[in-house]
Amino acid sequence: MIRVGIVGLGKIGEDHLNRIQNRISGMEVTGLYDILENRGKDLIEQYNLNAKSFSSYQDLVNDENIDLVVVTAINQLHAEVAIAALNAGKYVFVEKPLAMTAEECLAVMKAEEKTGKRMLQVGFMRRYDPGYKKLKEYIDSGEIGQPLMLHCRHYNTYLSQPKNYVSSQAIVETFIHEIEIVHWLLGEEYKTAKVYFPKKAEVTSQYDTPLQDPQLIVLETESGVNIVTEVFVNAYGYDISCDIVGEKGMVQLPDVPSVILSKGAKRSTDILTDWKERFIAAYDVEFQDIADRLNSGRELSGPSSWDGYISAVTSDACIKSQETGQTEDVKLIEKPEFYKNFK
Ligand SMILES: NC(=O)c1ccc[n+]([C@@H]2O[C@H](COP(=O)([O-])OP(=O)(O)OC[C@H]3O[C@@H](n4cnc5c(N)ncnc54)[C@H](O)[C@@H]3O)[C@@H](O)[C@H]2O)c1
């Protein structure tokens, strides 16, 4: 049984808590910490947990009744908690992004390397989504020939972001999912990034901070594949798409199945409004995979610290491009030996 301590008990922290307690076998929640004083105690009561509420994340990561630390606090805390947990010899699951900057990711990698073992997984759950898995199968089997260009969309629902949301968040919090999944699908790294600012949606005037929305991002990989992605955080709903054009054919991410209503000489279907429902199955598969691997002594196999680092370097290049308006290079360090052995 893997004993889990959760640091950060907001929306996704509670979601993972509920998942681990009620849907995943081989895992149980034994420790909780949030900066909000009563949050841990309240959740222990609400979910009837046999767990301890800690008064600092340091105490939680060092507790002997914790095997895996799940980091679901705000982004600014990810690297700090991950490093403390690794230094305490604990397995770590960090929600995306791995850290705020590429520098911080390197510090996490150093701490993991010191353990001599693969100890950390980043919460890029799309790799566990059946649609994306199928796209990868088509690419890897050569069915569509070599991929040449991709068109992706990441739309969030109108006014679903906080009023102080800024343009760089659309990269670090939203587009980072696209960066990671396409890197995994294609099995290669990025060479350049350029962000375009199309005509601004009027709704952006309702934000307290300057916001460019939508944004259009073009990434180019080492082999020359071009990926064009529209990020629009004030769209008609939560809508994710990915079209991959290859030499011999094209594959497209399927829509989430939804009942078709025919009425008044019209047909319609629902569109989701947030990430929870869209990727609910992927989160479950992600955690069950971690539980199964750790319980049977097998290595973690999901997105690694190195993948978190690639995503951070690429998102840093995008943010630079937002500022300069130019195409920016994605400059990675040479992959450390330690990470070359990871599948
Ligand atoms: N994989 C995904 O699709 C996905 C989806 C949503 C969120 N996330 C990630 O999960 C993380 C949390 O997102 P959320 O939507 O739950 O946010 P949230 O704001 O609902 O929760 C953040 C929590 O962190 C706590 N916190 C703040 N400072 C803290 C500190 N110093 N120590 C301990 N706790 C502290 C807050 O009190 C809050 O409970 C973010 O990093 C986000 O990027 C990932």
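The values are calculated or read from the model by the stated rules, or taken from the named source; none is laboratory data. Predicted model only: the values in this text are computed from it and were never measured. Here Cβ is always computed from backbone atoms with ideal geometry, including for glycine, and neighbour counts include all displayed protein chains.
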Per the filter on segment 283-312, residues in contact with a strand residue (DSSP E or B) (Cβ under 8 Å, 6 or more places away or on another chain), more than 13 Å from the ligand (Cβ to nearest atom) and under 30 Å from ALA235 (Cα atoms) are ASP307, ILE310
Contact list, first residue from segment 174-194 and of a type in the set (Ser, Thr, Tyr), second anywhere and at pLDDT 95 or above and away from the ligand (no atom under 14 Å from the Cβ), beta-carbon distance below 6 Å, six or more apart or interchain, is THR174/VAL231; TYR190/LEU219; TYR190/THR221; TYR190/THR314; TYR190/VAL330; THR192/GLU220; THR192/THR327; THR192/ASP329
Result of the Cβ filter at 6 Å on segment 268-282, keeping first residues that are within 23 Å of ARG23 (Cα to Cα) and within 12 Å of the ligand (Cβ to nearest atom) and partners that are in a helix (DSSP H, G or I) and at pLDDT 90 or above, at least 6 apart or interchain, is PHE279/MET125; ALA282/MET125; ALA282/TYR128
Per the filter on segment 288-307, residues in a loop (DSSP other than H, G, I, E, B) and on the phi < 0 side of the Ramachandran plot are SER296, ARG298, GLU299, LEU300, SER301, GLY302, PRO303, SER304
Looking across segment 211-234 at residues that are buried (at least 21 other Cβ atoms within 10 Å of the Cβ) and aliphatic (A, V, I, L, M), the single one that is nearest to GLU188 (Cα to Cα) is VAL225
Selection from segment 5-19 of residues near the ligand (Cβ under 6 Å from one of its atoms), closer than 14 Å to ASP42 by Cα and aliphatic (A, V, I, L, M) yields LEU9
Only one of (1) crowded, with 19+ Cβ neighbours inside 10 Å; (2) at pLDDT below 95 does not apply to PRO257, and that is (1)
By my count, helices (runs of 4 or more DSSP H) wholly in segment 20-131 with at least 1 residues that are away from the ligand (no atom under 16 Å from the Cβ) and crowded, with 16+ Cβ neighbours inside 10 Å are 78-87, 102-115
(1) away from the ligand (no atom under 16 Å from the Cβ); (2) under 25 Å from ASN75 (Cα atoms); (3) aliphatic (A, V, I, L, M); (4) part of a loop (DSSP other than H, G, I, E, B) all hold for VAL166 apart from (1)
Reported set for segment 132-163 where residues are within 21 Å of ILE217 (Cβ to Cβ) and part of a loop (DSSP other than H, G, I, E, B) is TYR158, SER160, GLN161
